[in-house]
């Protein structure tokens, strides 16, 4: 009997995980379509000095490269970020359920503390790094390459091939993975914690079940969680972008994550770690709102 129950529990856990992964993938597609134009402006501001501000960057990109330039490198994130967000939500809910089971066994209650929500979110970020590090590296290379005849890569596959040719897959395609790991752990720890806090507080305040929280509120809380994500992790993202747009061989400026932090501080000061924060926060609200709303609605639909 116990074996049968264990098998049923395992099947239920697998189904839940598959649902989490599917809902995350749908949310990831929404995230890319909403956020890509903002993201290219952010990356250009982080990695070059040719623009005065976000509006200047956006207007110059539009005038010199055309409207489609705002979706440069979209194929990679459309496929990759869908997978990344799928992993984020799948890993978060897997860790959350494991912590709930531990709490139930130890204390007779499965409710998570917010430190545990953060730990589950950080676990999701760490799991996501395996995918996000090369995907974002490729996207940054495609977003920052010269326009027209001077372009360096013919697409994501050509970009991977050329990056790997320089230093191999580990040091080429996976450049900047250490700082990506730190960013992902912090970012998604805060992201999920902020969203869960806002959702739980609303349900408690209005004496309703979480599933009864209306969609517009889910979107608002998701948007606020997105703002918290970037404010808490942005300096790591700047260093990551600098390292992943850096040259190779004699053209390389940063030898390591620590070297990049040090040189950014020496040449740009504290302000250097916050370049591009404006369009990032502008992007974060609709993108994160759309992601959480899409994931929650997808989960309710398939459940």
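The values are calculated or read from the model by the stated rules, or taken from the named source; none is laboratory data. As the structure is a prediction and not an experimental result, all values here were calculated from the model. Here the Cβ is made from the backbone with ideal geometry for all residues, glycine too, and neighbour counts use every protein chain on show.
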Segments classed as helices (runs of 4 or more DSSP H), wholly inside region 112-225, with at least 1 members that are out of contact with any helix residue (DSSP H, G or I) (no Cβ under 9 Å at 6 or more places or on another chain): 156-171, 177-206
Extreme residue, surrounded by the fewest Cβ atoms within 10 Å (Cβ to Cβ), among residues of region 263-294 that are touching a helix residue (DSSP H, G or I) at 6+ places or on another chain (Cβ under 7 Å) and not in a helix (DSSP H, G or I): 275
Given the structure, is residue 15 modelled with pLDDT of 80 or more and either crowded, with 17+ Cβ neighbours inside 10 Å or part of a helix (DSSP H, G or I) (or both)? no
Scan region 62-73 and tell me whether some residue there is under 19 Å from residue 230 (Cβ atoms) and in a helix (DSSP H, G or I). no
Give the residue that is nearest to residue 191 (Cα to Cα), with candidates limited to residues of region 236-262 that are out of contact with any helix residue (DSSP H, G or I) (no Cβ under 8 Å at 6 or more places or on another chain) and part of a helix (DSSP H, G or I). 258
Among the listed residues 88, 36, which satisfies the condition of being buried (at least 18 other Cβ atoms within 10 Å of the Cβ), modelled with pLDDT of 90 or more and part of a helix (DSSP H, G or I)? 88
